[in-house]
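Right, one structure below, let's go through it.
The values are calculated or read from the model by the stated rules, or taken from the named source; none is laboratory data. Just so you know, these numbers come straight off a predicted model, no measurement behind them. We work out accessible area using only protein heavy atoms, side chains counted, and drop any ligands, DNA or RNA first. Shrake-Rupley method; radii C 1.70, N 1.55, O 1.52, S 1.80 Å.
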Amino acid sequence: MILGVAVAYGMDAAGEWDVRPEIALPALLCGLCVAAMTSTLSYLLRRRSRRATPED
């Protein structure tokens, strides 16, 4: 998501595309929130699966 926003702003700087900040900044924030939720969920699932496996 961050790479997409960077490309959009790069195209805006080159004059190829007109990007409004009202669109790009919320997209960046939503992407960061999704990444944080995915990371947290992955951590919790791995932690839970480690507890569930019996140790020998």
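Annotation: D56 fulfils all but one of (1) modelled with pLDDT of 80 or more; (2) open to solvent by 70 Å² or more (accessible area, probe 1.4 Å); the unmet one is (1).
Considering only residues that are among the hydrophobic types (A, V, I, L, M, F, W, C) and modelled with pLDDT of 85 or more, which ones fall in region 18-45? Scanning region 18-45 gives L29, C30, L32, C33, V34, A35, A36, M37, L41, L44, L45.
Per-residue answers, yes or no, for (1) acidic (D, E); (2) in a helix (DSSP H, G or I):
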{"position": "Y9", "(1), (2)": "no, yes"}
{"position": "D12", "(1), (2)": "yes, yes"}
{"position": "D18", "(1), (2)": "yes, no"}
{"position": "L25", "(1), (2)": "no, yes"}
{"position": "L29", "(1), (2)": "no, yes"}
{"position": "A36", "(1), (2)": "no, yes"}
{"position": "L44", "(1), (2)": "no, yes"}
{"position": "S49", "(1), (2)": "no, yes"}
